[in-house]
Amino acid sequence: MQNNATPGTERGTLTPRQEQLLRALLTENSIAAAAKHANCAIRTAHLWLKQPHFQEAYRAARKEGLSRATSRLQAASSDAVDTLRAILAQPDAPAYSRVAAARVILDSALRAQELEELEVRLQHLERAVEAREAAGPYPEEALL
């Protein structure tokens, strides 16, 4: 079966102009600015933003951008820890600097521990749900 759909109306397919608007939406501060940057009418931009395939592509592009930013933050976190430790260990650093570094280190360590504990608890709950689903439906009398 041949597909005669107009490009950009079919799920997953964006026209070059839609791609241009998508890129502009990722860098501009407003839809109007993105539309202007992409040489697109604001009304058209709003119409495209209502289309499920465009929304999906926009969501995926934003997610990818956030993933790249998160990777960069993770790469810099080792340097940040080294800096905090250096401040903490420097005896001639002002007391407020050492206290601030100590507070950040302790808060971060506590948060990391809490996240690890939550992850373990979540894994236990997921296994319990999977086991319950594998056991089959509840007997009717157990529901009464």
- Sole miss for residue 88 among (1) among the aliphatic types (A, V, I, L, M); (2) exposed (fewer than 10 other Cβ atoms within 10 Å of the Cβ); (3) touching a Lys or Arg at 6+ places or on another chain (Cβ under 6 Å) is condition (2)
- Query: Across the stretch 48-79, what is the total count of residues that are surrounded by 12 or more Cβ atoms within 10 Å (Cβ to Cβ) and more than 22 Å from the chain's Cα centre (by Cα)?
  - Reply: 1
- Note on the structure: Residue set 93, 75, 69; condition within 30 Å of residue 108 (Cβ to Cβ) and part of a loop (DSSP other than H, G, I, E, B); output residue 93
- Query: Of the residues 29, 39, which single one is over 17 Å from residue 13 (Cα atoms), among the polar types (S, T, N, Q), over 19 Å from the mean Cα position of the chain (by Cα) and loosely packed, with under 15 Cβ neighbours inside 10 Å?
  - Reply: 39
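A short reminder: the numbers here are calculations on the coordinates, not readings from a lab. As the structure is a computational prediction, the values presented were derived from the model and not from experiment. Cβ: placed from backbone, ideal geometry, glycine included. Neighbour counts: every protein chain shown.
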